[in-house]
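Report on one structure; see the data block that follows.
What follows draws every value from the coordinates through simple rules; no lab data is involved. Note that the structure is predicted; figures quoted are calculated from it, not measured. Counting neighbours? That spans all protein chains shown, and the Cβs are built from the backbone with ideal geometry, glycine included.
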Amino acid sequence: MKRRLTLLICIACLCLCACGADKDDNTLEKIRDANLNNVLQEKGQTVSFRTDNYNAENEIESSYVYLNPDRVVYECKDRVEINEKGDVYGFDNVEQNFYRYLFLDGSYETFEVQVTGYVWNPDETVLSKEEKDGELIVRAQDGGEETLANMAAMMSYYGFDVPETFTIINEYIMDPETYEINCYNVYANFGDEDILLIKSIRIDNPKAYEVDSKITDAINAEDCRVVTIIADPGTDDEKVYKQTIAKGCIIRMGLSMEYPSLYTDEACTQEYTGGADLNKDLTLYTVHEHELL
């Protein structure tokens, strides 16, 4: 449960949202397109953000994201995670283990952490826009049942007494020419006040990030094993996915909505529940969800 809540928190930290502007307003699309990792990397930029999450006692839990043309790094109390153009690996501080991801088609796109924090949400709408002190300030309101449910779970985790009805207001502070985010604040409104939940600030001239050699040495050790996932085995649509990891380390499976489960047998009748020997090769199977109906 704690890991699931941590994921919700990370998602909430990364979801910037918006309500009630002209239907032809494309502000959110401009923000989305300007702040994608690959756009910033293609520009050769080095970007970093510090994000502070506030609990009900106004205590702070922080995370840090760093991007350069070659990698994106995410650090929080639970993990250090490095993304080198789709090769995602790191160290889990909770489980005290090194890991690397194996992604199926489509799963990486929904996984990727955007360094600025912006995630496109079609239920967002802009509340207001103004230029002040050389910056563009956009206020927006969250929308969508799933997004609000995730935010409610995050607030409960941080000790807030969450009412049945609330709104989430996001404030984006950006360069008015490029629409690159410099800062954003996320507020919850319970009816009588705005409560600061998240503050994310862009760091000027960040230092070059050096990945800890303990992580890279462990992940890339010569004594390794291979994890294989075969999708739609025995059919014309069969695809094979492989990932290599040092023995004793974990392969995390990046599944998708189309392929939500893993099986130990080719017929996909025996669901995989974990517990594999971390010193041996492993072959698993998956099948498109429509085949399970």
query = With springs only between Cα atoms under 10 Å, which of K85, K214, K247 fluctuates most in a Gaussian network model of the chain?
reply = K214
inquiry  = Report, in listed order, any pair from K207/K280; K85/K280; K30/K207; K30/K77 with a Cα-Cα distance greater than 30 Å.
reply    = K207/K280; K30/K77
ask   = How much mean residue ellipticity at 222 nm does the chain get from its helices, if each DSSP H run of length 4 or more adds -39500 (n - 2.57) and you divide by all residues, to the nearest 500 deg cm²/dmol?
value = -5000 deg cm²/dmol
Pairwise FRET efficiency - E109 versus K207, Cβ, R0 = 30 Å, nearest 0.05 = 0.50
query = So, counting K/R as plus one and D/E as minus one, what does the shell of residues with Cβ under 12 Å around C224 add up to?
reply = +2
key: Volume per residue that the Cα convex hull of the chain spans, once the total is divided by residue count, Å³   = 171 Å³
message = Need one number: nm distance between label points at V226 and E42, each 7 Å from Cα along Cα→Cβ, rounded to one decimal.
response = 3.4 nm
query = By how many nm would the segment from T283 to A149 lengthen if fully extended, with 0.36 nm per residue of separation less the alpha-carbon distance?
reply = 44.6 nm
remark   = Scoring the chain by relative contact order with C-alpha pairs under 8 Å, at least six apart, yields a percentage of 19 percent
task = Please turn the phi angles of the range 95-111 into ³J(HN,Hα) values with the Karplus equation 6.51 cos²θ - 1.76 cosθ + 1.60 (θ = phi - 60°), one per residue in order, whole Hz, x for glycine and proline.
result = 7, 6, 8, 8, 8, 9, 8, 10, 9, 7, 3, x, 6, 5, 4, 7, 8
request  = Report the full-extension gain for the segment D70 to D236: residue separation times 0.36 nm, less the Cα-Cα distance, to one decimal in nm.
outcome  = 56.2 nm
